[in-house]
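Read the structure below first, then the notes.
Read-outs throughout are calculated quantities, based only on the coordinates presented, and are distinct from any laboratory measurement. Bear in mind that the values here come from a model prediction, so they are computed numbers and not experimental data. Reconstructed Cβ throughout: ideal geometry from the backbone, glycine too, with neighbour counts over all protein chains shown.
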Amino acid sequence: METSPEAKSTNKRRARVQLDELDTEIVAILRENGRIPTVEVARRLNFSEGTIRKRLQRLERENVIQIVATSSINLLGYHHEMKLMLKTAPKKTRQVIDTLKVISRVRYIALLGGTYTLDLIVAFESDRAAARFLVDELAHIDGIIEFNAMPMLRVVKRSYDWLADDDQNESTESTI
């Protein structure tokens, strides 16, 4: 069984990867267009295609970047999103996560510390589909003790670009 990059990175703490100026420029170009040919990136940055290709391979291998396609859920007919906070029975948390992971409308799952065990974001075609999910699916998953459903009225920011330009210059030492 292959482990996902996300699972690998959470299994062990790693030092923050330092990007040099070329890495940062490559990532900036890919933010604009993830499908840009390597030869075009090389031309724009005035480096050889081989250099750019090796840098891209290293950035991907170290899980610094992933080049993926994202879809617009609204254009696919999912006009409603809901945030769900779940409390699970302690010995059933893994089972609940495994059940939720295979439900396609569940777009995000995070394990939490505190009052709730899991944080979810789920997409729906309609309010009726949301109600059916809550009543007919979620309520019947063994191990869920309680849930709090919060319809998302409007998403004001959705970003898949978590590496802000300013982050590169921040110190990794805590000042607290």
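See the values below:
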quantity	calculated
Rough spin-label spacing in nm, given labels placed 7 Å along Cα→Cβ, for residue 89 and residue 135	2.5
Gained length - residue 18 relative to residue 62, 0.36 nm times residue gap less alpha-carbon distance	14.7 nm
Formal net charge of residues neighbouring residue 123 (Cβ-Cβ distance under 10 Å; K, R +1; D, E -1)	0
Overall form of segment 80-152 per C-alpha gyration tensor (a/c, 1.5; a/b vs b/c)	prolate
Globularity ratio of segment 20-69, using Cα Rg and 2.2 N^0.38 Å	1.01
Over segment 110-157: Rg over Rh, Cα atoms, Kirkwood Rh	0.98
Cβ-defined net charge surrounding residue 55, 14 Å radius [Lys, Arg +1; Asp, Glu -1]	-2
Full-stretch length increase - residue 115, residue 150 - with 0.36 nm per residue and alpha-carbon distance subtracted	11.0 nm
